[in-house]
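Encoded as structure tokens, the structure appears first; notes follow it.
The values are calculated or read from the model by the stated rules, or taken from the named source; none is laboratory data. Keep in mind it's a predicted model, so treat the numbers as computed, not measured. Cβ placement follows ideal geometry from the backbone for every residue including glycine, while neighbour counts extend to all protein chains displayed. For the accessible areas, the whole protein counts, side chains as well, though only heavy atoms, and no ligand, DNA or RNA atoms are used. Shrake-Rupley method; radii C 1.70, N 1.55, O 1.52, S 1.80 Å.
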Amino acid sequence: MKLTDSVLRSFRVAKVFRENSDKINCFDFSPNGETVISSSDDDSIVLYDCQEGKPKRTLYSKKYGVDLIRYTHAANTVVYSSNKIDDTIRYLSLHDNKYIRYFPGHSKRVVALSMSPVDDTFISGSLDKTIRLWDLRSKCNCEGLMHLQGKPVCSFDPEGLIFAAGVNSEMVKLYDLRSFDKGPFATFKMQYDRTCEWTGLKFSNDGKLILISTNGSFIRLIDAFKGVVMHTFGGYANSKAVTLEASFTPDSQFIMIGSEDGKIHVWNGESGIKVAVLDGKHTGPITCLQFNPKFMTFASACSNMAFWLPTIDD
């Protein structure tokens with residue numbers, strides 16, 4: 001089944017899970033699409049089975065809190081940032097609920113975390129105005145450190161060869177992973193918008209596009225090679241009080257974001273036209289939204305987690 005405008009318009013909520021007592025701040029699909037794991041402000045980590053459509057396990061990180069949870073490449077392991085006590089990144093085995101390793105270094109809250117799609121490298125950005133490069137196998141300090149202005153956002157490209165850093169909500173810098181200490185090989189300057197700041201940055205699966213999320217009521221789609229703004233998408237509710245996650249569909253064709261009023265807005269990335277507004281019947285702002293990498297389903301979250309399925313075969 002191929003994703004088209006009409007298939008996207010046909011998506012409906014198939015299941016709603018009410019496992020959390022506070023907002024879900026992040027979730028991540030496993031690379032094979034079979035599970036999704038969420039982190040919440042209620043300090044819980046919930047693992048869902050996507051094929052059976054049910055929660056499998058709940059773990060807690062009461063002492064440290066949990067945010068920005070990400071699967072690693074090893075089965076049953078995740079990394080996440082802490083939002084209590086300290087700003088250490090933790091590497092957790094879900095199998096026995098034990099920490100494998102700690103990654104201390106940031107002195108303020110971690111606001112971006114991206115796992116390499118190909119190996120054990122990951123990057124983190126923090127309000128301490130640094131981006132750090134880490135290796136899961138390394139017990140020592142971070143492998144690389146960059147000082148930046150403003151709140152950093154960062155992400156790997158799908159090949160795991162380069163990463164992008166959003167700096168001061170006005171520049172995207174691209175770094176080669178093998179020689180990032182030499183500085184960026186490309187810098188794209190955007191029109192600075194005083195009314196909002198960047199909250200996220202993602203590459204499309206084909207590596208050709210970069211999506212910039214903001215805490216305003218628009219997101220930007222830029223060409224990953226030239227830095228040209230292709231489209232600016234708006235017209236959804238966001239009063240800056242919350243961070244809304246924007247995502248690509250796996251085929252890189254469509255862009256989606258939730259909103260404060262519980263609706264999901266979908267655009268065609270090529271034409272820039274809005275193709276769907278879906279009502280998720282969420283009780284609060286949709287903070288997290290991602291498409292399953294392998295199956296024709298996506299998930300959205302406020303304090304509830306919703307699984308969506310198409311209702312037509314196109």
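Quick notes on this one:
- Across the cross-link table entries LYS84/LYS281; LYS23/LYS108; LYS54/LYS274; LYS2/LYS202; LYS208/LYS274; LYS23/LYS189, which are compared at the Cα atoms, the separations over 28 Å belong to LYS84/LYS281; LYS54/LYS274; LYS23/LYS189.
- Solvent-accessible ranking of LEU309, LEU68, largest area first, probe 1.4 Å: LEU309, LEU68
- Span from the segment 184-218 Cα centroid across to the segment 1-62 one, whole angstrom: 25 Å
- Alpha-carbon centroid distance for the pair segment 108-147 / segment 223-268, whole angstrom: 25 Å
- Ordered from largest to smallest accessible area (heavy atoms of protein chains, 1.4 Å probe), the residues GLU159, GLU270, GLU245, GLU197 come out as GLU270, GLU159, GLU197, GLU245.
- Area accessible to solvent at SER138, 1.4 Å probe radius, in Å²: 20 Å²
- Modelled FRET efficiency - R0 25 Å, ALA75 with GLU170, Cβ distances, 0.05 increments: 0.05
- Within segment 133-149: backbone nitrogen closer than 14 Å to the ILE100 label point (7 Å, Cα to C-beta): 135-139
- Heavy-atom accessible surface of the chain: percent carbon and sulfur, 1.4 Å: 48 percent
- In segment 143-216, chymotrypsin sites (Phe, Trp or Tyr not before Pro) in a DSSP loop with at most 13 other beta-carbon atoms within 10 Å: PHE185, TYR192
- Loop sites in segment 18-78: trypsin sites (Lys or Arg not before Pro), DSSP, at most 10 other Cβ within 10 Å: ARG18, LYS62, LYS63
- Cα gyration tensor, segment 131-174 - rounded (a/c under 1.5), prolate or oblate: oblate
- Accessible area in the full protein assembly, largest first, 1.4 Å probe, for VAL13, VAL228, VAL153: VAL228, VAL13, VAL153
- Its Cα centre serving as origin, segment 5-310 has a Cβ charge dipole (Lys and Arg +1, Asp and Glu -1) of approximately 380 debye.
- Its DSSP H runs of at least 4 residues, each contributing -39,500 (n - 2.57), put the calculated 222 nm mean residue ellipticity of the chain at -500 deg cm²/dmol, to the nearest 500.
- Accessible surface, per residue, of the chain when the full set of protein chains is kept, probe 1.4 Å, Å²: 43 Å²
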